[in-house]
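One structure is given here, and the rest of the page talks about it.
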Amino acid sequence: MTNLNNFDATANGDPIDWASTVKGDSFGGGFPGTVDKLTNTDLLVLQAMGYDVPSAIGPSQSSGSVALFLANLNNIATAGFSISDTSTNVATNLDTLEQNLAKLSGIALTDNNALAITSTQLGNDASVLGRIGGTYALGITLSANSTIFNASPNEHIASITGLGGLNTVVYSEPSINFNVSISGNTTTVVDNVGSYGAETINQIQRINFSDGTALALDFQQGQNSYSTVMMIGTAFGASKISTYFAPGISLYDAGQTNTQLASTIEQLGLIESQIGSTNNKAWVDFVYQNVVGVAPDVLTEAVYVGDLNNGTYTKATLLAFAAGVADVGGGTLASQIGLVGLQAHGLSYTPVA
């Protein structure tokens, strides 16, 4: 029997414990022994039982949970511990694991859940993420509101989620490489050519590509791209969406409102230039048909023309009113501009300089 009161955990210890030969031991034990690897738990248990055993762990000789690793940092040698734990436990302690990287030989995840980390951790904790073996997934949450996130090719990123404000994901490949589909505030981006793979992005309003194009994703009521196409359709007709979208979305993204945009349009005389007239009747007929899809009847036309003539409305305030009607689904503008398609696939454009 091993004399645990005089136990030496090195290869120079009691022959009956550590002899690696097939010969009988010098104390007459009469059976061969092999050098075995003790885990940190084994050593701690032996210490708790009162035996004098060393607590330092040799390279790659110990494994266990994140909690065990962190509780025994002082007793772990360089590259002396391999973590085996859940994605949640690893993600929760990722920063601390990065700080103690030298003592880690590797990380094995015990489940298939994505590691929920922030975009800041993706960069700061890259080294410890590199110690994770096998296939794993990352769920990235942007670290602040209104973030521009440069998404480097990373086969492990499964999702990117924005916080509040206007969030943009930048891909270092041209738009032609990707298929994009949208469902509500969730967008699926599939790279058919490069190394991004498939990613789900949530609460992201813009995608920028390496070819200089951008994709607007926010076409739900009340969102900036929705307001932009409704204002453009109201003021200029559905056929002018692509013409005015880039400057329009830049103004809405900067915080301007329907009222402010309508004032700018009228100050520049853009509608009058398009219809070739400054006449109130021609203006009313044009804007009304843009929203409703048909020309106004005689009475409706007379009411709005009269309101412009007597100052009840200015062209700017009437334009803002008409865009508001379109915003809440009045008329046929949503159908004219193909809103359902925009909500499913977004709208590609070249941002203004």
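Roughly how far apart, in whole Å, are the Cα centres of region 195-270 and region 73-142?
Going from one Cα centre to the other spans 40 Å.
Residues of region 335-353 with amide nitrogen under 14 Å from the 7 Å Cα-to-Cβ point of Q223?
Those under the cut-off are 339-348.
Using the beta-carbon distance between V45 and T86 and R0 = 25 Å, what value does 1/(1 + (r/R0)^6) give for FRET efficiency, to the nearest 0.05?
With R0 = 25 Å, the Cβ-Cβ based efficiency is 0.60.
If I take every Cα pair under 8 Å that is 6 or more residues apart in region 224-349, average their sequence separation and divide by the length, what percent do I get for the relative contact order?
Result for region 224-349 is 34 percent.
Note down the magnitude of the dipole of region 63-216 about its Cα centre, charges +1 on Lys and Arg C-beta and -1 on Asp and Glu C-beta and zero elsewhere, to the nearest 20 debye.
That gives a dipole near 180 debye.
Set the Förster radius R0 to 30 Å, insert the Cβ-Cβ distance between N177 and A144 as r into 1/(1 + (r/R0)^6), and round the FRET efficiency to 0.05.
0.60
No value in this document is a laboratory result; all are computed from the given coordinates. It should be emphasised that the depicted structure is a prediction, and the values quoted were computed from it without experimental measurement. Here Cβ is always computed from backbone atoms with ideal geometry, including for glycine, and neighbour counts include all displayed protein chains.
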